[in-house]
1. For the stretch 138-175: of the residues being closer than 17 Å to L107 by Cβ and among the basic types (K, R), which is surrounded by the fewest Cβ atoms within 10 Å (Cβ to Cβ)?
2. Could you tell me whether the stretch 114-137 includes any residue that is open to solvent by 90 Å² or more (accessible area, probe 1.4 Å), out of contact with any Cys (no Cβ under 7 Å at 6 or more places or on another chain) and within 24 Å of L83 (Cα to Cα)?
3. Residue pairs, Cβ under 7 Å, 6 or more apart or interchain, first in the stretch 139-151 and polar (S, T, N, Q), second at pLDDT below 95 and not in a loop (DSSP other than H, G, I, E, B). List them.
4. Of the residues in the stretch 146-175, how many are under 18 Å from L82 (Cβ atoms), of a type in the set (G, A, S) and not in a loop (DSSP other than H, G, I, E, B)?
Amino acid sequence: NQENEENIKQLFEIEKLLNSGDEILIDITHGFRSMPIVLVGVLNFIIENFKKKIKISKISYGMFEISHEMEARTPIVDLDVLLELQANAKASHEFSEYGNAYIYSELVKDVDASMSRILLDLSFAKSLNHLTKLKGLISQLKGLKYEKLSEIQKLTIPRIVGNFLKRFKGSSDNS
């Protein structure tokens, strides 16, 4: 534990090297054991909390250990799925805890503009306490189709939206 804490302390020093607008590409090929996972966690913490507008745009891993089986070629594995998982985890938390679907709206914008608009309108209506509009949007949420979403989004968004809708089950009036 003490070694992990020291490593994390050192990783936080990276923040001093980063400027607003930087884009980070992470290659974890020769990362020692858990360090790549800790590195991604620390960088995400820095991005979320230090407001420097930094973006992790790529995470990759060179499968050096099997290059002897592939005529000395090393396959590169794209681990951007970690970024998608983290984005969906954050969006799920915001929506579950606060009814804020702004992040979900942004995440699905390019694949399902209609769903994105419903989620955005829901967030606006909730923040403005527009109960009649909110009631209509709740009905629209019930009719969402999830076919266009990524596999990760198909595993998360329907469940989170379903849990949100359960809060309104049995409601008889706007209040």
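1. If we take residues in the stretch 138-175 being closer than 17 Å to L107 by Cβ and among the basic types (K, R), then K145 is surrounded by the fewest Cβ atoms within 10 Å (Cβ to Cβ).
2. Yes, there is a match, as at least one residue in the stretch 114-137 is open to solvent by 90 Å² or more (accessible area, probe 1.4 Å), out of contact with any Cys (no Cβ under 7 Å at 6 or more places or on another chain) and within 24 Å of L83 (Cα to Cα).
3. S150/E84
4. Selection size over the stretch 146-175: 0.
The values are calculated or read from the model by the stated rules, or taken from the named source; none is laboratory data. Small disclaimer: the values here were computed from a predicted structure and weren't measured. Cβ: placed from backbone, ideal geometry, glycine included. Neighbour counts: every protein chain shown. Just so you know, the surface numbers come from the protein's heavy atoms only, side chains and all, with ligands and any DNA or RNA stripped out. Shrake-Rupley method; radii C 1.70, N 1.55, O 1.52, S 1.80 Å.
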